[in-house]
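Before any comments, here is the structure.
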Amino acid sequence: MTKKQIFITSAFTENSVWRQILGICSALAVTNLMMNSLIMGLGVTFSLALSGFTISLIRNWTPRSVRMMVQTLIIAAYVIIVDIFLKANMPDISKQLGPYVGLIITNCILMGRAEAFASQNTPLDSMIDGIGAGVGYSLVLLLIGFIRELFGFGSIFGIKVLGAWWTPWSIMVMAPSAFFILAMLIWIINIKYYKSKG
Amino acid sequence: MSNTPFKETVFYPVVFMLLICIVFVGVLAVMFRSSEPKIKAYQKDSYQRMILELFAPDLASLSSDTPETILASYPESYNSYIKAIQLPGIERQSFQAAYGDSLLGYCFDIGGKGLWGSMRALVALTPDLKKMKGMLIYDQMETPGLGARISEAWFLDQFKNLPVIDLNTGQVQRFELIPEGKKSESNHQIMQVTGATITTNSVIKMISDEINYIHNPSAGVRP
């Protein structure tokens, strides 16, 4: 596979959220605002890219018996770096995201990509795969965040776009709305893309 | 002597894991140390803003400012109105809010145990220590979406202007929990967080214990 194919497969064709149904917990939890979705997406992309690169780099020296411990440790280290960076430079967003940044460690996408791709491919390919998976995840988060913020608050990235006439839909601010939006998104993509391709 | 390569011995995974741990812990330690001053500065700002927020409505009623402008003029407003103090016998971090010569109240840094770990809050009391002006929880480890909702405004608003001393008995007020959404019929009824009874009880216990201590410091400092 070329680098471009790796990226497209990871980001779109085999998207972690709508195709593999991974990372759902955070996709539902942080998507009430687009800024939160963007920062979460960037955090996951950073952790995916660098953990994939590092795991691949040491894959020939990693004993099989402890490989999952090593992968978890590497992922955790990069997630903690993201957490420290947010606490020091974006404290308000860090507070809003709360425990969800730390919970990137338990995001199935990271362990999934580490085990399925990074442990068997070159560092550069693993990094591209990680970026692709992160971009795919971020797109889903941003799309759900866009719908929820627009209808729930009448704004996009905190900028008011709907006037005072708009009555906010409280359901959009609450987590169940993300369930409905995500389910509809998966349904539409399945019908329009995967089913049509057979 | 065995000629087994080191990579195939039972020690190799242990040594490998140890090295990986040393490298990553080292990287994290450097990263944390270099960011620590910024994180601490933000935490101090956030803490002081919370104290100011508890007294902002009272300060606004005495001045020509609104609570929002008082908060916006931090740190000048904090330095003008809030002062760290030590009340006799009370071994809690304490603050005093005053507008000119008029004392608005005291703020205490209190702590207790939640379901999953410790929690800390700032509680503002009137000068006679008999009524709460408000409370803000600044540190807790409760479950997001359940126990962590004790930090939400609707829950904390219940403690605004809440008597903490029973005027009939002179004892610390005993609070009663009522279901979330039910209208409180008296000022000792507190709406609990649905699905987080233990956490809500922990908050009530923390307040009761600490108010009891503040009123009777001679009874001893709780651990």
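Figures for the structure shown
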| item | result |
| --- | --- |
| Total accessible area lost when A and B pair, probe 1.4 Å, Å² to nearest 100 | 1800 Å² |
| Nitroxide proxy distance, nm - points 7 Å out along Cα→Cβ at A:Ile171 and A:Ile188 | 1.7 nm |
| Within-14-Å neighbourhood charge of B:Val15 [Cβ basis; K, R +1; D, E -1] | 0 |
| Protection proxy ranking of B:153-165, B:192-204 - average other beta-carbon atoms within 10 Å, highest first | B:192-204, B:153-165 |
| Helix B:197-215 vs. chain B, principal-axis angle (Cα, 0 to 90°, nearest 10) | 60 degrees |
| Globularity ratio of the range A:3-196, using Cα Rg and 2.2 N^0.38 Å | 1.07 |
| Amide H within-cut-off set for B:Asp139, under 5 Å, with H built and near neighbours excluded | B:Arg120 |
| Principal-axis tilt of helix B:11-62 within chain B, Cα atoms, nearest 10 degrees | 10 degrees |
| Exercise: per-residue mean of other protein chain Cβ atoms within 10 Å, B:37-50 | 2 |
| The range B:86-217, Cα convex hull volume normalised per residue, Å³ | 110 Å³ |
| Within-14-Å neighbourhood charge of B:Ser186 [Cβ basis; K, R +1; D, E -1] | 0 |
| Square roots of 5 times each gyration tensor eigenvalue, C-alpha, the protein assembly as shown, largest first, Å | 47, 28, 20 |
| Under 5 Å, built H, 5+ apart or other chain: amide partners of B:Gln192 | B:Ile178, B:Glu180 |
| Backbone N within the range B:34-71 under 18 Å of label point (7 Å from B:Asp139 Cα along the Cβ vector) | B:36-52 |
| When chain B is reduced to its Cα atoms, the Kirkwood hydrodynamic radius in Å | 20.3 Å |
| Ranked order, B:Cys107, A:Cys108, A:Cys25 - accessible area, probe 1.4 Å, largest first | A:Cys25, A:Cys108, B:Cys107 |
| Kyte-Doolittle at least 0.0, axis length at least 30 Å by Cα - qualifying DSSP helices, chain A | A:34-57, A:67-89, A:123-153 |
| Interchain or long-range residues, amide H under 5 Å from B:Gly105's placed H | B:Ala97 |
| Sequence ranges B:100-106, B:76-82, ranked by mean other-Cβ count within 10 angstrom, highest first | B:76-82, B:100-106 |
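The values are calculated or read from the model by the stated rules, or taken from the named source; none is laboratory data. Nothing here was measured: the structure is a model prediction, and the numbers come from that model. Every residue, glycine among them, receives a Cβ derived from its backbone with ideal geometry; neighbour counts consider all protein chains shown. Side chains are part of the model used for accessible areas, which takes the heavy atoms of the whole protein and leaves out ligands, DNA and RNA. Shrake-Rupley method; radii C 1.70, N 1.55, O 1.52, S 1.80 Å.
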